[in-house]
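The values are calculated or read from the model by the stated rules, or taken from the named source; none is laboratory data. It should be emphasised that the depicted structure is a prediction, and the values quoted were computed from it without experimental measurement. In this analysis, Cβ positions are derived from the backbone assuming ideal geometry, glycine residues included, and neighbour counts consider all displayed protein chains. Just the protein is used for accessible areas: all its heavy atoms, side chains included, with ligands, DNA and RNA removed. Shrake-Rupley method; radii C 1.70, N 1.55, O 1.52, S 1.80 Å.
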Amino acid sequence: MTPDEFRVHGHAMIDWIAGYWERLGKGGDGEPEFPVLSQVRPGEIAAGLPLEAPEEPEAWAKIVGDVDALIMPGITHWQSPSFFAYFPANGSGPALLGDLLSGGLGVNGMLWATSPAATELETRVLDWMAALIGLPAGFHSTSRGGGGVIQGTASESTLIAMLAARERARRLEGRVGAQPGPASDESGGAARPVQVSNQNVEDRFVVYTSTQAHSSIIKGAMVAGIAIGPNDRRRVRLIQTDERLAMDPRLLEEAMETDRAAGLIPGYVCATVGTTSSGAIDPVKVIGAICKRHGAWLHVDAAYAGAACVCPEHRWMLDGIELADSMCFNPHKWLLTNFDCDLFWTQDKASVTGALSITPEYLRNAASEAGAVIDYRDWQIPLGRRFRALKLWFVIRHYGASGLRAFVSEHIRLAELFEQKIRDDERFEISAPRSLSLVCFRLKGDGEHGDQKNNALLAAINASGRAYLTHTVLLGADGHGRVVLRLAIGATMTQERHVEAVWELIQACAEVI
Ligand code: PLP
C-alpha cells in the first residue's frame, strides 16, 4: 500500500469508526442497531471465514466490506453506552489517534536509545498521572528509588511486583542470612537477624491477598512458580474479608505471623482498591503498616478504582499509599484511554529491574552503559514495547485534568441515580455498598430459587441486545453466596438516558421471567 493509497483508505477507515461511534451513541431507546452482547453461537464467525489464506492479493474494498459482513456480528460492543458489564474498557478519539500515530511511527521503545522520545514521554506522563491521582513523591521518577511505566495490563503489574518482591527478599536473605526488615525506599529495608531455614527463598516465599482479589494475583503466583495451579495454597493465602468485603487486616497479620513462625517468608501482599466483584476497598494504611512490620512488599491493585483518584474527594481510597512498594491502575478501564494501558508505579525500582534485567551483547549501547537513561525493557516481561505513552499524552492534554475529573464524576452521579432506583423498588435489593460507578443488586429471594430468578433476569437483559450486564456471587449476611448482578458505568458515551433505559429494561425483564 503506497502512502497515497494509505491516505485514502485511512480516511475511509476513520470515517467508518466515527460513523460506528455515532450509531452506537444513538442506542438506548428502542431497538438497538447493534446488540450490545454479540448474539452469535460458538463457531458461527469462523464458519464464515475461508479455511486458507488467499494466495493472491485481494481488493481493499472487499477486505473492508468483510468487516461489516463477517466480523461485526461477532462483536460485543464495549464502546456502546449501554455496556455495563465487567469493568469498562473505554476509549476516546484522542486515545485512538495516539494509538494510530504510535502504529504509524512504528517504533519499538525497548531501550531509551531505540527512541528516546518514547521513553522520556512515558516517564513524564507517568509523573503527570502520579500527581493527578495524588501519589506521593516516592513514586515519581524524580525520586531516588521510584518511577512509573506503562504495562499492558494490571495482571502484568501484579506479576512484576511479585517478582520484584521475591528479588528483594532474595537479596536481603543472601546479604545477611536474615529475613527482611521494614522496607525503605531503594534499599528495600534493613535486615534483622532471625533464625533462618536452610531452604532457599524460592521455597519459602508466601503471597497474600484477599478472597475478593482478582484472579490475576493467583495467576501471577502460578506464573512465578509460587503456586502449581489455581488451587495450590501452600504459598498463597487468601485472607477473609469483613462485612464490606474488604480484606481483614487482623487476619492478614495472623497469617503472616503463623507463616514466619513456620520458617516461611511473608513476602508479598496485594491489597485491592476496588475489587472486581463489588468494588470493595482494602484498608491500605493498616495493611501497609503490617507489611512494614514483616518486611513484605505491598502492591496495591487499583485497576478500576484508581481512575477515580483524579478527583480529590476519592483519594481517601489510597490513604496509606506511601507505605506501598508499588501500585497500578488501568486508564484503559475508566479513563478514556483505549486498551491496552495499565500504569505501574514503584518506590523500589531497583528491585523491579533487579528481577527483570538481562543484557545480551546485542542490546549494549553507550547511553545504557552510562546509566544515564531508563530502559523500560527492564521494567516489563517482554523486550519490545509499543509507544503507548502517546495515547495517554493525547488524552491528558485533550481533556485536561478538569475534563478527566468531570468524566469520572458524571459516571459516579449516574451510578448514584441507578442505586436510588433499586432502593426505591421493593422487588430489588442492593447487595453490597455502591462503590464509585459500580452497583451490585439483585431481585430479592433466598436460596437456589433466588439465584435462578437472578440468572434468568440477567439472561433476559443480555438476550434483548439492549444492554449488557454481568454477574458475580457475593456472600449474604447469612454467609451464603448469592448471585448478584453488577452494573458498572464507564463507557465513554453513557449518559443519563442510557441509565434510565437500562432501568426500564431491567424492570420489563423482571416482569416476564
Ligand atoms: N485487578 C482488578 C481489581 C480487576 O478488576 C481486573 C479486571 O477487571 C484486573 C486486575 C485485571 O485487569 P487486566 O485485564 O488489566 O489484567
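Remarks
- Built amide H within the under 5 Å cut-off of R482, gap 5+: L474, L475, G476
- The charge dipole of region 23-86, taken about its Cα centre with unit charges on the Cβ of Lys, Arg, Asp and Glu (plus for the first two, minus for the last two), comes to roughly 340 debye.
- Estimated FRET transfer efficiency when R0 is 56 angstrom, pair L251-L49 (beta carbons, to 0.05): 0.65
- nm² value of the averaged projected area, convex hull over the Cα atoms of the chain: 26.5 nm²
- Environment charge at S435 (Cβ cut-off 11 Å; Lys +1, Arg +1, Asp -1, Glu -1): +2
- Y86-A372 pseudo-label distance in nm [points 7 Å out on the Cα-to-Cβ vector]: 4.4 nm
- Span from the region 446-472 Cα centroid across to the region 202-262 one, whole angstrom: 31 Å
- Region 278-367 - Kirkwood radius from inverse mean 1/r over Cα pairs (Å): 15.0 Å
- Less than 5 angstrom separates the built amide H of G295 from those of A183, all sequence-distant by 5 or more or on a different chain.
- Farthest toward positive dipole pole in the chain [+1 Lys/Arg, -1 Asp/Glu at C-beta], among L135, P73, S115: L135
- Count of Lys pairs (Cα-Cα under 29 Å; at least 8 positions apart or interchain) in the chain: 19
- Sorting the segments 36-47, 54-65, 146-157 by their residues' average number of neighbouring beta-carbon atoms within 10 angstrom, most packed first, yields 146-157, 36-47, 54-65.
- Here the Karplus curve 6.51 cos²θ - 1.76 cosθ + 1.60, taken at θ = phi - 60°, turns the phi angles of region 435-447 into couplings of 10, 6, 9, 10, 10, 9, 8, 7, 6, 4, x, 8, x Hz, with x standing for Gly and Pro.
- Summing Cβ point charges (Lys, Arg +1; Asp, Glu -1) relative to the Cα centre of region 2-157 gives a dipole of roughly 720 debye.
- Contour minus Cα-Cα distance for R23 and A61 (0.36 nm per residue): 11.5 nm
- Here the label points at D203 and V8, each 7 Å from Cα along the C-beta direction, are separated by 6.9 nm in the simple model.
- The dipole here belongs to the chain: it is taken about the Cα centre, uses +1 on the Cβ of Lys and Arg and -1 on the Cβ of Asp and Glu, and is about 1360 debye.
- Amide H contacts of V206 (H built 1.01 Å from N, under 5 Å, at least 5 apart or other chain): I265, G267, Y268
- With each label modelled as a point 7 angstrom along the Cα→C-beta vector, the R244-E416 pair spans 1.8 nm.
- Residue-span extension gain [A131 to E313] - 0.36 nm each, minus C-alpha spacing: 64.1 nm
- Histogrammed with a bin width of 10 Å, the alpha carbon distances of region 400-492 distribute as 16, 44, 29, 9, 2 percent, first bin at zero.
- Value of relative contact order over the chain, rounded to a whole percent, pairs C-alpha under 8 Å and six or more apart: 22 percent
- Local net charge near K444, Cβ-Cβ under 13 Å (Lys/Arg +1, Asp/Glu -1): 0
- Listed peptides 256-262, 487-493, 430-436 appear in the order 487-493, 430-436, 256-262 once ranked by packing, highest mean of other Cβ atoms within 10 Å at the front.
- Gained length - H449 relative to Y362, 0.36 nm times residue gap less alpha-carbon distance: 24.9 nm
- Taking Lys and Arg as +1 and Asp and Glu as -1, the other residues whose beta-carbon sits under 14 Å from that of S155 total -2.
- Antiparallel bridges, percent of DSSP beta bridges restricted to the chain (to nearest 5): 60 percent
- Solvent accessible area, Å² - F139, 1.4 Å probe, full protein context: 0 Å²
- Working ranking of peptides 366-377, 497-508, 323-334 by packing, defined as the average number of other Cβ atoms within 10 Å per residue, highest first, is 323-334, 497-508, 366-377.
- Using the Cβ-Cβ distance between Q495 and A456 with R0 = 22 Å, the FRET efficiency computed as 1/(1 + (r/R0)^6) comes to roughly 0.20.
- Once the gyration tensor of the Cα atoms in region 240-281 is diagonalised, the equivalent ellipsoid follows with semi-axes of 24, 11, 6 Å, ordered largest first.
- Computed over the alpha carbons of region 1-115, Rg followed by Dmax gives 17.4, 54 Å.
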